[in-house]
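As structure tokens, the structure follows; a few thoughts come after it.
The values are calculated or read from the model by the stated rules, or taken from the named source; none is laboratory data. Given the structure is predicted, the values throughout are model-derived calculations rather than measurements. Every residue, glycine among them, receives a Cβ derived from its backbone with ideal geometry; neighbour counts consider all protein chains shown. In case anyone asks, the SASA skips ligands and DNA or RNA and just uses the protein heavy atoms, side chains included. Shrake-Rupley method; radii C 1.70, N 1.55, O 1.52, S 1.80 Å.
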Amino acid sequence: MAPRGFYRRLPGTGRTLMSSVTLWAADDHLLQVEVRGFTEIYRRFYFRDMQAIIIRPTGRVKAWILAFGLLTLATALVAALDSGLGWNIFWWSLAGVWLSVAVAHLALGPGCECALRTPLQTIGLPSLGRLRSARRVLEALRPMIELDQGALTREEMLARLRERAGAATPLEAAPDPASPPPIAPPIAVSGPREGLARPVRHDSGRAHEVLAYVLLLSAAVAMLPLLYFNVVLNASLSLVFVGRVVCIVVALARQNHSDLSIAMKRFAWTAFGWECVTMAVGFFGGMVLVLHLLSSGRLDPASTAPPSPLDIANFVKDNPAFKVISLVSSLASLTLGIWGLLAHRRLAPAREEPWRILPT
Amino acid sequence: MLWCTACQASLGWESLAAEGQTRCSRCGATLEISVFPALFRPMAAGRVGEAIQSDQESACFYHPRRQAVVPCESCGRFLCSLCDVDFNGRHVCAPCLESARGQGALPNLETRRTRHDLIAMAVAIYPIVPFVFPTLFTAPVALYLAARALRAPGSLVHRTKVRCILAMLLATAQIVIWALIINLIVTETRTGG
């Protein structure tokens, strides 16, 4: 055992823009150190008080890998299309940066959220954001906790859990089928997100349903230019995309601290991710378009007269890359819309009959 | 009782008994729960000082109507079981504990510390990044701060003084470079004159 007062560093670091959080183990407690500017803030959790450690795997890292992977592809596409030597080096370097970030996320493994249960509160441990480091910390802490609290065999633990379930009040033992399971007091989140989390509120998922319908509508709108090209019509239909962005923002705001299912929340975040990708592709596509217009002589930087929108629209219409992007965008919106509607359908009966989702 | 960290619904005992991963029955979140014996331990009841029964009994310094059970090992005041704080096996009163904490004598109770070594490093490094000119003024300041940080209590966990030494070396190097530049300018001026 380490001598008293000696701290051993545990894996995992939680970082935000202004602070970093790490965990250190002493012989009788766990120390959480948060560095904010030039100050270290300490929080101690004694092994004798630790009741449980809960690890919840999340898809946050997968989303980052996907986002950076798509960004790499988009940048590489621009680099492949751009023929200027200086710009070519810039785009390939940028693609390399995105790729290295994606690979780093991949190497560090899947993400998670970790919480520590003590008799008085449940505390989030922001330094354990990766599943691998959380499991390693748990394995490192287990013998120390057992040294303070004693070890329980699996049979003993099951017996005590059964004992507890049996000793529970009639209401706890057999919950009222018409009422949802009890909601916990808010989780105290330590570290960068200090303070008490907001309580969970009920949400019907209406905003997500509307988002799903808007996605289906935008799938049809994205296909339209391939079938019938009209500048005025297509420009007015682009309002649907503005509506899509508004719906995504509303859905994300509504699902925050709500009791919506993970599937519904994932749907909104995926739609958000897809919107970011669409915007990035649109941005890079616009840059490539300008380069092509310059190289083809349709756009003259020396000329004071602006280029004709009809001319540009005709140029875009015939571009095969534009057709591919429109097709992919339409298919993605269609998939997302169907996913959203299915997730909402699955949510609806559970809302009407809450006992169906209670443990038997 | 344990709660799902995603939706904060209560978890049934079946979820806790499950080996490996389990799912929240409400939101479907995947959870890995490790339960320790403290979960089954009932919470200790709070102590209450007993009332004085006769004139022969000593009274608590802070609660004159309560029976004293132990003297404070720091100030010697008599304490009832309500005022007695068991700290690392010693019986002390709350004011003694608070004053010891204020003097920094109890690292176990410290909740924050200023990292003087980081301040010295920042003053030594940051002025170099935008432009070199301020280092003429900041280098002596960095040297002073690093010397002060050497004696000041450092981090609870990072016990090394390497940042202080690095800041001192960096500040000294900046001072030497400035001395050489000034010397060169003076020599050039004299030669030119």
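Per-structure values
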item: Segment A:1-130: radius of gyration and largest Cα-Cα distance (Dmax), Å; result: 20.5, 66
item: Residue-averaged beta-carbon neighbours from other chains (10 angstrom radius) around B:11-19; result: 5
item: Net lengthening on full extension, B:Arg190/B:Leu82 (0.36 nm per residue, minus Cα-Cα); result: 30.8 nm
item: In Å², nearest 10: area of A:Val246 left accessible to a 1.4 Å probe; result: 80
item: Descending Cα extents along the principal axes, segment A:207-285, whole Å; result: 44, 25, 16
item: Per residue, the convex hull volume that the Cα atoms of segment B:45-111 enclose (Å³); result: 94
item: Rg and Dmax [Cα atoms of the protein assembly as shown; Å; Rg one decimal, Dmax integer]; result: 32.1, 109
item: About the Cα centre, charge dipole magnitude for chain B (Lys/Arg +1, Asp/Glu -1 at Cβ), debye; result: 560
item: Size of electric dipole in the protein assembly as shown: Cβ of Lys, Arg +1 and of Asp, Glu -1, about Cα centre, debye, nearest 20; result: 420
item: 0 to 90° range, to nearest 10: angle between helix B:116-125 axis and chain B longest Cα axis; result: 30
item: Residue mean of other protein chain beta carbons inside 10 Å, B:21-34; result: 6
item: Label-point gap, in nm, between B:Arg47 and A:Arg44 - each point 7 angstrom along Cα→Cβ; result: 1.8
item: Of all accessible heavy-atom area on the protein assembly as shown, the percent that carbon and sulfur account for (1.4 Å); result: 65
item: Pairwise burial B:A, computed as accessible area of each alone minus the pair, summed, 1.4 Å, Å²; result: 5400
item: C-alpha long axis of helix B:162-192 to longest principal axis of chain B, angle in °; result: 20
item: In degrees, nearest ten, helix B:135-151 long axis to first principal axis of chain B (Cα); result: 40
item: B:Arg113 accessible area, assembled protein chains, probe 1.4 Å, Å²; result: 40
item: Surface accessible to a 1.4 Å probe, A:Met144 within the full protein complex, Å²; result: 40
item: For chain B, the spread of Cα positions along each principal axis, largest first, Å; result: 97, 62, 22
item: Dimensionless Rg/Rh of segment B:116-191 - Kirkwood Rh, Rg from C-alpha atoms; result: 1.12
